[in-house]
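These notes concern the structure reproduced below.
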């Protein structure tokens, strides 16, 4: 059992960081926002699955070749579908709803609050709060 | 023994029903007696379950499925609530406990109102008991009894996670009594000062354990999962964050109701929502509708029943709200620039933040129903949730000294100058000296702004420095909680933006560099624990004159056939040097061990900040005699 377990976890290649620290940082940021396709809910940066390692290698490769962040995201999306993007796309209707929703809610909430407060009267006492 | 416990649970259900009937009839005394009796019966019943786990009675299905003789005693006992049925038994017990505590502690002088509150609590308790006994029974026997149990999910074999569920449930279920108070207040037609005093105390009694429960869970994820992070925007985490945000909004709104008898309907609505979001959290976690890295005991069918219960409570409460809410009007006038206005802004932002979490958590689910698979993760919340809350936090120190009714803005130029100066100083220091990003520098400035603002407000209320220790515990509570948020922001921003993360592969005797530390792998040895065996690495870390030994482990639990990571953490004073042992690999023809090494700067600020928030909440509960 023990031997079986150990043999399961021996793999062949290791994660080799890029030489350029700025590129490596960019690659790591991308690894945190791409989802491992074989795992429950983990970014590829965290997963020990072999596919996640391949994905990490590919990200480093692309960053090393000078691809922009968006090109890397697009490449993975075309390959695995939008499921891999932890940063959902905003260029369609539902994406816009998702991204703008919170700010829309804030605007609506603010408007309701403003209107509630505005119908108040003119004579108002000022009372210092002594306790909370 | 278990049969006695099972029988006691049925009697407890009877007591909950009696509590409901007496309570709704207005009989405070008998409703209270029923609550206390029910609590006693359910406590006994729960103890029989704990006992079965402690002695590894595998003739009980629940124990056979979730325990193992080789587990240490603490985890045998914690195993009682480390599974679906047992955790529901705990939920029911805590619901009784709040009813019994309320029966003993409530002293509003309004007999009818108190009876109604106990009655509603009895109704919620009966719901939990009915679910426990008829849909999710932990009392089932197994014949023949196996010789050994299947073990608990090894990830849960951890001290922090033993106490995480009880804490979280104290919070979730605590809101059941806040819900009961709101329902009773609406029946009574009075959501006023007396009501608010009571509701405020119980909201704090729920908020503090919820806060600490979330922190424990986060701390566990930090050191146990081996990923170096402390919050992953995982659906299960989000499920607990939503009631927390609603609860935080409630804590502020109830102040307006207590001091000015305004926002009455709104406070009642939030009281109802806090509990509904708590059940929804339980539903999301328990039903398995969301994919999550730590969905432990899931069962879709029971999830459906929970969802049904959520809808029944929701419809009843909101119906009551629609019926009685309009009569709850605040009388005292106020302008936008006033304490009321500031607290309203606080509520709007916190509710929008909670809804943002809800949107991000449920959106993939809705997309799936529409035939698309997609993910929403950390980048989404970083770009929506974070800036929305940041706006509120920037305004907090400015607005927290505003007067009720109308505030004067004479000092706003001073605040603006102070704020701008702070940002300028931190931007210069951050970029020039500390070499951090501009965003991180803003985050630091915001944290300092909050801490300074909280202290400034304490000083203002105390008038002179000598009187600082004579201000009321509530003012201290507010100060500590707001300072806690400041510390949390500093920790969260610095940890998230400046975290260093790398992988090193070391052969035994070999050395490598990470985060400025030289790591030497002395050896990797096999060791055995009570119900696991492990590879333990001994890493010597040297930086400057400091030397430390890190011993990360990779454990394997044969009973559950699962590996876990045991990280090694060294606190350097400015952060955590954090190592997790990975797999063994062949690199350059040599067998090497892979380590994930992180440096997490100021991570303790995150937890210390949350602790301060909890401590502030405790202080605010202290009664002051006048």
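The values are calculated or read from the model by the stated rules, or taken from the named source; none is laboratory data. Because the structure is predicted, anything quoted here is derived from the model rather than measured. Cβ placement follows ideal geometry from the backbone for every residue including glycine, while neighbour counts extend to all protein chains displayed.
From the list B:249, B:199, exactly one residue is crowded, with 23+ Cβ neighbours inside 10 Å, at pLDDT 90 or above and more than 14 Å from chain A (Cβ to nearest Cβ). Which is it? Among B:249, B:199, only B:199 is crowded, with 23+ Cβ neighbours inside 10 Å, at pLDDT 90 or above and more than 14 Å from chain A (Cβ to nearest Cβ).
Kindly establish whether residue B:275 is on the phi > 0 side of the Ramachandran plot, modelled with pLDDT of 90 or more and surrounded by 22 or more Cβ atoms within 10 Å (Cβ to Cβ). Criteria not met by residue B:275. Listed conditions (1) over 14 Å from the mean Cα position of the chain (by Cα); (2) modelled with pLDDT of 95 or more are all met by residue B:210, apart from (1).
Screening A:26, A:35, A:60 for residues that are within 11 Å of chain B (Cβ to nearest Cβ) and in contact with a helix residue (DSSP H, G or I) (Cβ under 7 Å, 6 or more places away or on another chain) leaves exactly one candidate, A:35. When A:105, A:98 are checked against the criterion of being at the interface with chain B (Cβ under 7 Å from one of its Cβ atoms), within 30 Å of residue B:400 (Cα to Cα), surrounded by 14 or more Cβ atoms within 10 Å (Cβ to Cβ) and at pLDDT 90 or above, A:105 stands alone in meeting it. Quick check, is residue B:575 under 24 Å from the mean Cα position of the chain (by Cα) and either closer than 29 Å to residue B:489 by Cα or within 11 Å of chain A (Cβ to nearest Cβ) (or both)? For residue B:575, the condition - under 24 Å from the mean Cα position of the chain (by Cα) and either closer than 29 Å to residue B:489 by Cα or within 11 Å of chain A (Cβ to nearest Cβ) (or both) - is met. Listed by first and then second residue, the pairs linking a residue in segment B:132-144 that is assigned by TED's automatic domain parsing to the domain that holds residue B:4 to a residue that is assigned to a loop (DSSP other than H, G, I, E, B) and surrounded by fewer than 11 Cβ atoms within 10 Å (Cβ to Cβ), with Cβ atoms under 6 Å apart and 6 or more places separating them unless they lie on different chains, form an empty list.
Per the listing A:129, A:67, the residue uniquely without any contact (Cβ under 8 Å) to a residue 24 or more places away in the chain, assigned to a loop (DSSP other than H, G, I, E, B), surrounded by 14 or more Cβ atoms within 10 Å (Cβ to Cβ) and more than 10 Å from chain B (Cβ to nearest Cβ) is A:67. So, residue B:216, is that one away from every other protein chain (no Cβ under 13 Å), out of contact with any strand residue (DSSP E or B) (no Cβ under 8 Å at 6 or more places or on another chain) and closer than 19 Å to residue B:186 by Cβ or not? Spelling it out, it is not the case that residue B:216 is away from every other protein chain (no Cβ under 13 Å), out of contact with any strand residue (DSSP E or B) (no Cβ under 8 Å at 6 or more places or on another chain) and closer than 19 Å to residue B:186 by Cβ.
Residue by residue through segment B:41-84, note down the ones that are assigned to a loop (DSSP other than H, G, I, E, B) and touching a strand residue (DSSP E or B) at 6+ places or on another chain (Cβ under 8 Å). Listed by number, the list holds a single entry, B:59. On the given criteria, is residue A:59 in the same structural domain as residue A:21 (by TED's automatic domain parsing), surrounded by 18 or more Cβ atoms within 10 Å (Cβ to Cβ) and not in a loop (DSSP other than H, G, I, E, B)? Taking the combined requirement at face value, the residue satisfies it. Scanning segment B:464-499 for residues that are within 14 Å of chain A (Cβ to nearest Cβ) and at pLDDT below 85, which turns out surrounded by the most Cβ atoms within 10 Å (Cβ to Cβ)? Looking at residues that are within 14 Å of chain A (Cβ to nearest Cβ) and at pLDDT below 85, I get B:467.
Which condition number does residue B:529 fail, the rest of (1) without any contact (Cβ under 8 Å) to a residue 60 or more places away in the chain; (2) within 29 Å of residue B:431 (Cα to Cα) being met? If we test residue B:529 against (1) without any contact (Cβ under 8 Å) to a residue 60 or more places away in the chain; (2) within 29 Å of residue B:431 (Cα to Cα), just (2) comes out false.
Of all the listed residues (B:239, B:206, B:160, B:180), the sole one being closer than 30 Å to residue A:28 by Cβ, crowded, with 23+ Cβ neighbours inside 10 Å and touching a residue at least 40 places away in the same chain (Cβ under 8 Å) is B:239. Among residues belonging to segment B:363-396 that are more than 8 Å from chain A (Cβ to nearest Cβ) and under 19 Å from the mean Cα position of the chain (by Cα), point out the one that is surrounded by the most Cβ atoms within 10 Å (Cβ to Cβ). Ranking the candidates gives B:381 first.
Take the residues of segment A:77-93 that are at the interface with chain B (Cβ under 7 Å from one of its Cβ atoms) and without any contact (Cβ under 8 Å) to a residue 24 or more places away in the chain: which is farthest from residue B:340 (Cα to Cα)? Within segment A:77-93, the match that is farthest from residue B:340 (Cα to Cα) is A:81.
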